[in-house]
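Asker: Structure provided below as structure tokens; questions to follow.
Read-outs: derived from the displayed coordinates by stated rules, not from any lab. All values reported here derive from a predicted model rather than from experimental measurement. Cβ placement follows ideal geometry from the backbone for every residue including glycine, while neighbour counts extend to all protein chains displayed.
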Amino acid sequence: MFVLIFSQTIIAQEKVIETTVVDTSSKIITQPNPIVKVKHDPKKATNRSLMLPGWGQAYNKQYWKIPVVYGALSIPTITFFYNNNIYKEARYAYNARFAATAEGGYDSTAYFTLETKYQRADINAIQTLRNAARRDRDYSVLWFLIVWGLNVADATVFGHLKDFDVSNDLALNIHPTFNPTTRSPNLNFALKFKNKKKQDVFIAR
């Protein structure tokens, strides 16, 4: 009987030893890296639009404006080449017609190379067409530069507006006042807007 009790005690101790296994594996807790937000720089938008139209709009994440910019630039570009071709034709025709006159020495060599419309047209009309085509060609260059400048201005303005929070924090308050000095009513305008860095209030009368 003593042997039986002793053997049961040993078996019970073995079960305890088997069930009391300690997990010694260590756990490494890692912290996520902080998200660093890159500050929006309006100067980059300006410089990029100066170098390439639409690049500043892409930097401002206003991608829908890129085809608008190039569509606007394509109009003066097309008119430039169109008017430049007319100017070259009219200039050549005028020189050929003038050379065939008495003042030009009756040189009709280039005259017979002209199209029929230039052979029959009045020389003064050809001169007017030449001058008008040259003027319109030069205006096309001017309009191209203006559109490019508007592209830069748009990128600059909306680059600065990226720093402002346009939400319910933007408010306009209007209330009437009375000026006792002039004895006349006035209106006070209070425009309040919130900058992402600080909050400013501008009051104007």
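Asker: Can you pull the one-decimal nm distance between simple spin-label points at Glu115 and Asp41, each 7 Å off the Cα toward Cβ?
Answerer: Spacing of the two 7 Å Cα→Cβ label points: 5.3 nm.
Asker: Would you calculate the separation in nanometres between label points at Tyr139 and Lys61, each defined as 7 Å from the Cα along the Cα-to-beta-carbon direction?
Answerer: Going from the Tyr139 label point to the Lys61 one covers 4.2 nm.
Asker: Of Val141, Val38, how do they rank once you tally other Cβ atoms within 10 Å and put the fewest first?
Answerer: Details: Val141 13, Val38 5.
Neighbour counts put them in this order, fewest first: Val38, Val141.
Asker: Dipole of segment 42-163 (Lys/Arg Cβ +1, Asp/Glu Cβ -1, origin at the Cα centre): which of Asn47, Gly104, Pro67 lies farthest to the positive side?
Answerer: Asn47
Asker: Also, I was wondering about something else. Cα-based Rg of segment 42-163 per 2.2 N^0.38 Å, rounded to two decimals?
Answerer: Details: Rg = 22.1 Å, N = 122, 2.2 N^0.38 = 13.7 Å.
Here the answer is 1.62, to two decimals.
Asker: Output the peptides 154-161, 80-87 sorted from most to least packed, where packing is the average of other Cβ atoms within 10 Å over each peptide's residues.
Answerer: Details: 154-161: 18.5, 80-87: 15.9.
Packing proxy ranking, top to bottom: 154-161, 80-87.
Asker: Considering only the other residues whose Cβ falls under 15 Å of the Cβ of Tyr63, what net charge follows from Lys and Arg at +1 and Asp and Glu at -1? Intermediate values should be presented prior to the final figure.
Answerer: Working: positive: Arg48, Lys61, Lys65, Lys162; negative: Asp154.
Charge balance near Tyr63 sits at +3.
Asker: Using 0.36 nm per residue, how much length does the chain from Glu103 to Val157 gain when fully extended, once their Cα-Cα distance is taken away? Please list the in-between numbers first.
Answerer: Working: separation 54, 0.36 × 54 = 19.44 nm, distance 5.86 nm.
Computed gain between Glu103 and Val157 is 13.6 nm.
Asker: Fewest Cβ neighbours within 10 Å first, please rank Ser140, Ser49, Ser108 accordingly.
Answerer: Numbers: Ser140 20, Ser49 27, Ser108 14.
Placing the least packed residue first, the sequence is Ser108, Ser140, Ser49.
Asker: Over segment 42-163, what is the relative contact order in whole percent, taking alpha-carbon pairs under 8 Å and six or more residues apart?
Answerer: Details: 134 pairs, mean separation 50.3, N = 122.
That works out to 41 percent.
Asker: By average Cβ neighbour count within 10 Å, what is the ranking of 94-100, 64-70 from highest down?
Answerer: Details: 94-100: 18.9, 64-70: 14.3.
Descending mean neighbour count gives 94-100, 64-70.
Asker: Mind checking the full-extension length gain between Tyr92 and Thr77? Use 0.36 nm per residue of separation minus the Cα-Cα distance, one decimal, nm. Walk me through the numbers on the way to the answer.
Answerer: Working: separation 15, 0.36 × 15 = 5.40 nm, distance 2.29 nm.
Net length gain for the segment: 3.1 nm.
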